[in-house]
1. Give segment B:187-205 a look and list any residue that's in a loop (DSSP other than H, G, I, E, B) and touching a strand residue (DSSP E or B) at 6+ places or on another chain (Cβ under 7 Å), or say none.
2. For residues that are more than 24 Å from A:VAL80 (Cα to Cα) and of a type in the set (D, E, K, R), scanning just segment B:17-59, find the one that is surrounded by the most Cβ atoms within 10 Å (Cβ to Cβ).
3. Which is out of contact with any Pro (no Cβ under 9 Å at 6 or more places or on another chain) and touching a residue at least 40 places away in the same chain (Cβ under 8 Å), of A:PHE60, A:PHE22, A:PHE50?
4. Pull up segment B:97-116, narrow it to residues that are within 8 Å of another protein chain (Cβ to nearest Cβ) and closer than 17 Å to B:GLY213 by Cβ, then point me to the one that is surrounded by the most Cβ atoms within 10 Å (Cβ to Cβ).
5. If I filter segment B:63-72 for residues that are at pLDDT 90 or above, within 23 Å of the chain's Cα centre (by Cα) and either within 9 Å of another protein chain (Cβ to nearest Cβ) or closer than 30 Å to A:CYS75 by Cα (or both), do I get at least one hit?
6. Mind checking which residues of segment A:70-81 are closer than 18 Å to B:GLU219 by Cβ and within 7 Å of chain B (Cβ to nearest Cβ)?
7. For B:THR174, state whether it is of a type in the set (S, T, N, Q), in contact with a helix residue (DSSP H, G or I) (Cβ under 8 Å, 6 or more places away or on another chain), within 14 Å of chain A (Cβ to nearest Cβ) and part of a helix (DSSP H, G or I).
Amino acid sequence: MAHAEGQQHPLSVYIKVWVLLFVLSTFSYMVDYMHLEGYLRWSLILLFMFLKAGFIIAVFMHIKWERWALSFAICTPPVVLLVFIGIMVIESDYTFLTRNLFFGTGS
Amino acid sequence: MAPQDTSTAVAQPGDLKPGLTGLTEDWSSDQRTFKNVPWGKAMMWIFLLSDTFIFSCFLISYMTVRMSTAVAWPPVSEVFSLSFGGEPIPLILIAIMTFILITSSGTMVLAVNYGYRKDRKKTALLLIITALFGASFVGMQAFEWTKLIVEEGVRPWGNPMGASQFGSAFFMITGFHGFHVSVGVLFLVLIARKVWRGDYDIEKKGFFTSRKGNYEIVETMGLYWHFVDLVWVFIFAFFYLW
């Protein structure tokens, strides 16, 4: 049982993920280099970002092999950040609107 | 479990159920919630969770100022471009820094693996390589800061290229991340030294904690280092690619 000694896994898993991270980083750099714009740019950036983050957390940080008691304690609290992001998006839209009304700058 | 069991002795792997049943049983059980997880690793995870919220606060405040500014944001792709005698290549330094950090994550994961195989020399060597990659990352960041402050005239309160919030967001986010990398390098060197001396083979007691050290510390160190890489993934996407 690997868990009694600690997290021991075959090196090949790590090497594969390592290569994959390089490929994904190159892809996300290419998004900027190719000057992709709009929704395509954003969906690709977010896709590569979440894939990279997911592989780092799951394999490099061993969450994939941890017991659910630990992985749930780690992975569920950050979900509330989505609420925070939502609140701040509404707030910044409002600030932007009032700034434009007040200063009449527009952009 | 027999009463004389210490906290390090946990239920046999056979007793622990996987999945959702295991989750509810672990959380409702006596003594430890995180079965088969060394205390140091559990504490590191909780620290990293708190750090997640700190970095999230930085990134969310950056999002807020960027979305609410009526002045155009500086063209990030051009600001961070670098020319090697020819046409400036956009974001090239940031791309190199990204690859360096990923490489260091790879050497770290190998160090953890060789640590559990009790391969003292390879573990120490890989930790030192990881530290060197980390140090070069910080060096490049110092170069980037210098270029931005001296040549581009970026200040926390303003810059010649656009929205004045750019400087404060940039210095706070990358500065805090660079500080994490620097602290990581320091601890990598300290742990590499202990591994090299063989402290974890004889379970020598730590200087501060007086607790027996073993190769699990390398994995705990690895968690921190991968987290630093993880944060960079988000900074790269939101700050440099937006």
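1. Residue satisfying the conditions is B:GLU203 alone.
2. Among them, the one singled out is B:LYS35.
3. On the way: A:PHE22 fails: touching a residue at least 40 places away in the same chain (Cβ under 8 Å); A:PHE50 fails: touching a residue at least 40 places away in the same chain (Cβ under 8 Å).
After applying the criteria, what remains is A:PHE60.
4. Applying the filter and picking the extreme gives B:VAL112.
5. Yes - at least one qualifying residue is present in segment B:63-72.
6. Selection gives A:LEU70, A:ILE74.
7. Working: of a type in the set (S, T, N, Q): yes; in contact with a helix residue (DSSP H, G or I) (Cβ under 8 Å, 6 or more places away or on another chain): yes; within 14 Å of chain A (Cβ to nearest Cβ): no; part of a helix (DSSP H, G or I): yes.
No.
Rundown of residues vs (1) assigned to a helix (DSSP H, G or I); (2) touching a Leu at 6+ places or on another chain (Cβ under 7 Å); (3) loosely packed, with under 15 Cβ neighbours inside 10 Å; (4) at pLDDT 95 or above, yes/no style:
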position	(1), (2), (3), (4)
A:LEU40	yes, no, yes, no
A:SER43	yes, no, yes, no
A:MET88	yes, no, no, yes
A:THR95	yes, no, no, no
A:ASN100	yes, no, yes, no
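The values are calculated or read from the model by the stated rules, or taken from the named source; none is laboratory data. Worth saying up front: this structure is predicted, and the values here are computed from it rather than measured. Here Cβ is always computed from backbone atoms with ideal geometry, including for glycine, and neighbour counts include all displayed protein chains.
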